[in-house]
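The values are calculated or read from the model by the stated rules, or taken from the named source; none is laboratory data. Computed from a predicted model, the values in this text were never measured in an experiment. No Cβ is skipped: glycine too gets one built from the backbone with ideal geometry, and neighbour counts run over all protein chains shown.
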C-alpha cells in the first residue's frame, strides 16, 4: 500500500508541474508534451519513456488496488456480526473515506485517459495539440467536465491527506513529534496538490488561459 | 435516574443473540456502570430471570477484564476510562443506553457480553516475553536505559489487554495491542535478543487469529483506556521492516 502509494504520489507531483506549464503559453505547453514523447530518444524509441512510465504506473495502481482489496476483505471477515449501535468513526473524514474515495479516483482516471490521452471523449481530441484539447475541455459551456474534475481532485486531496500520513507510518514513522509533523506535511501536501491541479481547469473556465 | 437499557443477550456461543430492552430505575449518578448492571442483575435474579453475564474483576481500571461497547463506544463516552471506572453521572435521566459485547471474529461471544479473548494470549505466546533468566530485580543503574526509551516502553507496558482497540477498529485489527506488547520489550536491553523474531512471530499470530489489517485510522488510540499512542504502531512497523529486510537470516524470522 505504502510503497505503491509513494510511487503514485511522485507521479502526481511530476504531472502537476507539467500541467502548470499551461500558464507559459500554447507553444511551451505543446513543446513540453512533445518533449515527453521524445524523452530518452535515441536510447529509447519514440514515446518509449511514456510507455515505460505507463507500465510502471499501471503495475503500481494494480498492486495498490490489490492491497486495498485484501485489507477490505480482511476487515469484513474480522467482524462477522456488526454492531447494532456504532458511533461514527472518530478519526478524520479522510481516513473514513479511503475506500470509496479510491473508487472515485479510479473512475476519474479511466475518464481522464479517455479524455486527454486517447482523446476519445474530448471535443478536439487531437494528440498533437494538447493545449487545444485542454482549452476545449474546460470551456464554460462544458461546466460539468470542470465539476467532475473538481470532485475527483478534491477526493484525491482527501485520499492523500490520510494516505501520506498512513504511508509514512507504515514505513516506520514512530515518534510523537514526527507524527505531528507528518500530519501537517500530509495536509499541506494535499492542499497544494489540489490547488495545483484545480488551477488549470479554473484558469480555462475564467478565460485566463485561452 | 431512570434508564432504559438495550442489552445484547446470547445464551451461548451457538445462540444467535438479540438486543433485549430493560428498565432500570433509581440509579444513583455516583454508581459505576458495572454497579448499575449489578442492580439490574439483582432484580433479574429476584424475578427469576437469567442475569446478564459480563466480565469484570478488579473494578479499579487496571485488570483489563471489563469491556463493553456502550452506545457504540468502547468503554463508553469518557476517554481514558475503563467501563468499571465509568460513572453513571456521564449519562442523563431518561437516557437509552445500548450495551453490546466486543465484536470481532477473533473474540467469539461466550455468553451475553462476555467474549473469549484467547486470541490475545496466542499473540503473547508467539513472542511477548524475554528468555533471559531475570531473577530478582537487579540494581537499577547496572543496565543504563535512556529516559526517552524507558518512558516509551512504560507507555506501552500500560496496556491492560482489554481489547477495546479491536472493538473500536473499523478493520477489526488488533495492531495497537500487538504493537504495545512488542514495543514494551523492544525498547529495553532485556528485549534485544528476540527483538526481530518477536515482531514477526507476534504479527503472524495476530493475522492467524483472524484480526483485520491496520489502516492507521486511529480509532484504537481514541478509545484506549490507557492512552497507548498510535506512534506505537509505527515502532512495530519499524521493527517489522528491519526484521524482514536487514535481519532476514535471523533464526525463526
* Conditions: (1) part of a helix (DSSP H, G or I); (2) touching a helix residue (DSSP H, G or I) at 6+ places or on another chain (Cβ under 6 Å); (3) under 24 Å from residue A:61 (Cα atoms). Residue A:172 meets all but one. Number of the miss? -> (1)
* So which residues in the range B:170-203 are within 14 Å of chain A (Cβ to nearest Cβ) and either part of a loop (DSSP other than H, G, I, E, B) or out of contact with any helix residue (DSSP H, G or I) (no Cβ under 8 Å at 6 or more places or on another chain) (or both), if there are any at all? -> B:170, B:171, B:172, B:173, B:174, B:187
* Mind checking whether some residue in the range B:103-110 is surrounded by fewer than 16 Cβ atoms within 10 Å (Cβ to Cβ) and touching a strand residue (DSSP E or B) at 6+ places or on another chain (Cβ under 6 Å)? -> no
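Could you identify the single residue in B:53, B:126 that is within 30 Å of residue B:192 (Cβ to Cβ) and more than 13 Å from the chain's Cα centre (by Cα)? I'd like the intermediate steps shown before the answer.
Working: B:53 fails: within 30 Å of residue B:192 (Cβ to Cβ).
After applying the criteria, what remains is B:126.
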* Select, from B:132, B:179, the only residue that is surrounded by 13 or more Cβ atoms within 10 Å (Cβ to Cβ) and either more than 12 Å from the chain's Cα centre (by Cα) or modelled with pLDDT of 95 or more (or both). => B:179
* **From the options B:167, B:209, B:217, residue that is under 18 Å from residue A:174 (Cα atoms) and within 11 Å of chain A (Cβ to nearest Cβ)** => B:217
* Which of the following residues is within 14 Å of another protein chain (Cβ to nearest Cβ), assigned to a helix (DSSP H, G or I) and free of Cβ contacts under 8 Å to residues at least 24 places away in the same chain: B:151, B:121? -> B:151
* Which residue, of A:70, A:103, is exposed (fewer than 15 other Cβ atoms within 10 Å of the Cβ), out of contact with any strand residue (DSSP E or B) (no Cβ under 9 Å at 6 or more places or on another chain), part of a helix (DSSP H, G or I) and at the interface with chain B (Cβ under 8 Å from one of its Cβ atoms)? -> A:70
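Listed here are the residues, each with its yes/no results for (1) at pLDDT below 95; (2) in contact with a helix residue (DSSP H, G or I) (Cβ under 8 Å, 6 or more places away or on another chain); (3) in a strand (DSSP E or B).
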position: B:84; (1), (2), (3): no, yes, no
position: B:89; (1), (2), (3): no, no, no
position: B:92; (1), (2), (3): no, no, no
position: B:128; (1), (2), (3): yes, yes, no
position: B:137; (1), (2), (3): yes, no, no
position: B:141; (1), (2), (3): yes, no, no
* To do: Write out, first by first residue and then by second, each pair whose Cβ atoms fall under 8 Å of each other, whose residues are 6+ apart or on separate chains, and whose first residue, in the range A:168-195, is at negative phi and away from chain B (no Cβ under 11 Å) while the second is loosely packed, with under 15 Cβ neighbours inside 10 Å and assigned to a helix (DSSP H, G or I).
  => A:193/A:13
* To do: Could you list all residues from the range B:23-73 that are surrounded by fewer than 20 Cβ atoms within 10 Å (Cβ to Cβ) and within 14 Å of another protein chain (Cβ to nearest Cβ)?
  => B:71, B:72
* To do: Spot the failing condition for residue A:132; the list is (1) touching a helix residue (DSSP H, G or I) at 6+ places or on another chain (Cβ under 6 Å); (2) in contact (Cβ under 8 Å) with a residue 60 or more places away in the chain, and only one is missed.
  => (1)
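From the set of residues in the range A:75-98 that are outside any loop (DSSP other than H, G, I, E, B) and modelled with pLDDT of 95 or more, which is farthest from the other protein chains (Cβ to nearest Cβ)? Step through it out loud before you land on a result.
Start the filter on the range A:75-98 by keeping residues that are outside any loop (DSSP other than H, G, I, E, B), which leaves A:75-78, A:93-96, A:98.
Among the residues that remain, those that are also modelled with pLDDT of 95 or more are: A:75-78.
Numbers: A:75: 4, A:76: 8, A:77: 6, A:78: 3 Å.
So, considering only residues that are outside any loop (DSSP other than H, G, I, E, B) and modelled with pLDDT of 95 or more, the one farthest from the other protein chains (Cβ to nearest Cβ) is A:76.
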